[in-house]
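Below is one structure, written out as structure tokens; comments come after it.
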Amino acid sequence: MSSIIPSLWPPDLAPTVERTPLAILKEQASQLGAATKNLLEGQVVTQVFGQGNDRRLRHWFNIVAPSLDRYTYQLFVVSHKLELYPLDVNLVSGRGITTLNSETEFIAYLRQVFASDETRRVIGALLAQVQS
Amino acid sequence: MLTFLFWNTNRKPIAGLVARLVEEHQVDVLALAEMGISGVEILLRLNAGSPDFHYAPSRLPTAVEVFTRFSPDFLTPMFESGRISIRRMTLPARPELLLAMMHLPSKLHWSEDSQALGFPELARELRQEEERAGHARTLLIGDLNVDPFEPGMVSASGLHGMMTRQLASRGSRTVQGRVYPTFYNPMWGHFGDRSGGPSGTYYYERAEQVVHFWHIFDQVLIRPDLLQFCPSDPVTIITQAGDTPLRMESGRPDQSIGSDHFPLLFKLSL
């Protein structure tokens, strides 16, 4: 008679990092709403692409104007493997792909993108139309 | 506790009053009919302090505009027409709801027969969405432009709204071999002098034989599957926003300050 095999998994399985790029993006999406009284909202849409263990997670960071029939502007897309870093960021407006090797680099890059003339122009145009 | 506020604002620019009510009653879902100002203006008033509220527009232009204290991603439009919006409310760690909001044709433009004939169609749409959702935890809220006692509201093939919780808790009734689900309509208890509040939500009088004066066109109906979450006195007809009275000395809605309808406040213990 066979005996029951106990769980062979270690009991202390836990996330390897406290903050994922996805968590950072979601927090920033929420902060856009706070900064614009929710006239504009940030949105993060995640997809998985590729095959087998080479699959990558792709996070689209969008700006949505709910009162403009949910007009959605894709600002950039972040992609990474299971290990999170390095990650690639591709600005939809151009500049090509930038590779970032750590959370610190990622946050600095986001700060730069959010403050860029291009992002300010998009947000300004959306706010003007929302409030007209 | 989830708190809903519905108000037919009669196209008045009363965003300030709306925002005061939302703050005062800690409303989670705000539904407005006959908005006289844009959704953006309402949103800016609601978020004048902290940006708690979101605009949750329908996919098609609909007679009721919705604002939520939670992300509109949790309030997915399922069925929409010019007058009706049925949404699936999927808040985390809470039972899913169907929220049906509407502003139905007025007695000024539709005969009572035409109004009554529209209700079986509405009831079918509701049942269809309940089948798609796989449950009947449905909350109906809006300005139906008929009173709770009218045929479309009471008839089995209409909304089948029962005047007591006990009657509604039967769940369904069979008429001529067909099974019709019930709604609990707590608005019945708000007519007349003994309701503790105003005698209706809307006042209308003219020189003819039969006049009811007070009407309750603004209503909340609850499916029996939601009764377990429904407090004993779930609906309040609001007559005051902060220190601003919304009614005149006669008790009727004061249109010089607010709307010709009183707002409805509804709570669910979810």
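The values are calculated or read from the model by the stated rules, or taken from the named source; none is laboratory data. Bear in mind the structure is a predicted one, so any value in this text is a computation, not a measurement. Note: ideal-geometry Cβ built from the backbone for every residue, glycine included; neighbour counts use all protein chains shown.
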Wholly within segment B:202-270, strands (runs of 3 or more DSSP E) carrying at least 3 residues that are out of contact with any His (no Cβ under 7 Å at 6 or more places or on another chain): B:213-215, B:218-222, B:264-268
Qualifying residues in segment A:17-54 (those that are farther than 17 Å from residue A:73 by Cα, in a loop (DSSP other than H, G, I, E, B) and not aliphatic (A, V, I, L, M)) - the one nearest to the other protein chains (Cβ to nearest Cβ): A:37
Within segment B:57-88, tally of residues that are within 26 Å of residue A:31 (Cβ to Cβ) and without any contact (Cβ under 8 Å) to a residue 24 or more places away in the chain: 6
Cross-chain or 6+ apart pairs with Cβ under 6 Å, segment A:57-71 first and within 11 Å of chain B (Cβ to nearest Cβ), then acidic (Asp, Glu) and not in a loop (DSSP other than H, G, I, E, B): A:64/A:41
Hey, residue A:117 over 18 Å from the mean Cα position of the chain (by Cα), exposed (fewer than 13 other Cβ atoms within 10 Å of the Cβ) and touching a residue at least 12 places away in the same chain (Cβ under 8 Å) or not: no
Subset of segment B:216-241 [at pLDDT below 95 and in contact with a Lys or Arg (Cβ under 7 Å, 6 or more places away or on another chain)]: B:231, B:234
Residue selected from segment B:185-227 under the condition of a type in the set (Asp, Glu) and in contact with a strand residue (DSSP E or B) (Cβ under 7 Å, 6 or more places away or on another chain), by the criterion farthest from residue B:103 (Cα to Cα): B:205
Condition check for residue B:128: surrounded by 14 or more Cβ atoms within 10 Å (Cβ to Cβ) and either out of contact with any Leu (no Cβ under 6 Å at 6 or more places or on another chain) or touching a residue at least 40 places away in the same chain (Cβ under 8 Å) (or both): no
Qualifying residues in segment A:38-62 (those that are touching a Leu at 6+ places or on another chain (Cβ under 7 Å) and closer than 18 Å to residue A:90 by Cα) - the one surrounded by the most Cβ atoms within 10 Å (Cβ to Cβ): A:61
Of all residues in segment A:80-94 being under 12 Å from the mean Cα position of the chain (by Cα) and of a type outside the set (A, V, I, L, M), the one that is surrounded by the fewest Cβ atoms within 10 Å (Cβ to Cβ): A:90
Matching residues in segment A:63-79 - criterion: being over 24 Å from residue B:74 (Cβ atoms) and surrounded by fewer than 21 Cβ atoms within 10 Å (Cβ to Cβ): A:76, A:77, A:79
